[in-house]
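The values are calculated or read from the model by the stated rules, or taken from the named source; none is laboratory data. This structure is a prediction, so every number in the text was calculated from the model and none was measured. Positions of Cβ are backbone-derived with ideal geometry, glycine not excepted, and every protein chain shown enters the neighbour counts.
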Amino acid sequence: MFGRKFTRKRVLTALGVVGIVAVAGVAFAYWTTSGSGTGTATAGSDAGVTVSGDPSNGIYPGGSVPVTTTVTNSSSTQKQYVANLHVTISIDPTHAGDGCLASWFTYKADSEGSGDSNPHAVALNTELAASGTTSIDGHVFMSDPSTNQDACKGATINLDYAVNNS
């Protein structure tokens, strides 16, 4: 019995020493550890904007018709900056083939003093809130040159829109 007690004491002492060394080792490792790693993130992308606007019917040589153009932010979560609206006028293929010239038509925003043209750029320099819109009132003009424009009777006048942020 005496031998067993002595062995038990030795075992407990040995375990105590091992425990102290283990705790010291962990503490040392904690303070001197090093490592590396990587992480990635993906940048968001814009959702774009949509542009719509149809001129009123009934344009004639020397006249104009109003058009309200609306630029809408397609994103419901992020804002979009729009610098310029570009408007290009084209004529439906049938009437264009018959001699109706797109160059007879021009566009100008009402906010601009002068300078209707085709194509035409309108400086917006605006930030659209998420799902926000901005509207531009303007006019489409039809010139009245000293030439027959009958080929334009019944023509569809297309406004092709583009926006950019620079």
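For S76, indicate whether it is modelled with pLDDT of 60 or more and either over 30 Å from D160 (Cα atoms) or hydroxyl-bearing (S, T, Y) (or both).
Against the criterion (modelled with pLDDT of 60 or more and either over 30 Å from D160 (Cα atoms) or hydroxyl-bearing (S, T, Y) (or both)), S76 qualifies.
Are there any pairs, at least 6 apart or on different chains, whose C-beta atoms fall under 8 Å, with the first in segment 105-132 and free of Cβ contacts under 8 Å to residues at least 12 places away in the same chain and the second among the hydroxyl-bearing types (S, T, Y), and if so, which?
Listed pairs, sorted by first residue: S117/T106; S117/Y107.
So, in segment 91-117, of the ones that are in a loop (DSSP other than H, G, I, E, B) and out of contact with any strand residue (DSSP E or B) (no Cβ under 9 Å at 6 or more places or on another chain), which residue ends up nearest to T133 (Cα to Cα)?
Of segment 91-117, the ones in a loop (DSSP other than H, G, I, E, B) are 92, 98-101, 110-116.
Adding the requirement that they be out of contact with any strand residue (DSSP E or B) (no Cβ under 9 Å at 6 or more places or on another chain) leaves 98-99, 113.
Numbers: D98: 38, G99: 37, G113: 23 Å.
Checking each candidate, the answer is G113.
Residues to consider are T126, T88; find the one that is of a type in the set (S, T, Y), part of a strand (DSSP E or B) and more than 19 Å from A47 (Cβ to Cβ). Walk me through it before giving the result.
Details: T126 fails: more than 19 Å from A47 (Cβ to Cβ).
None of the other options fit; the residue is T88.
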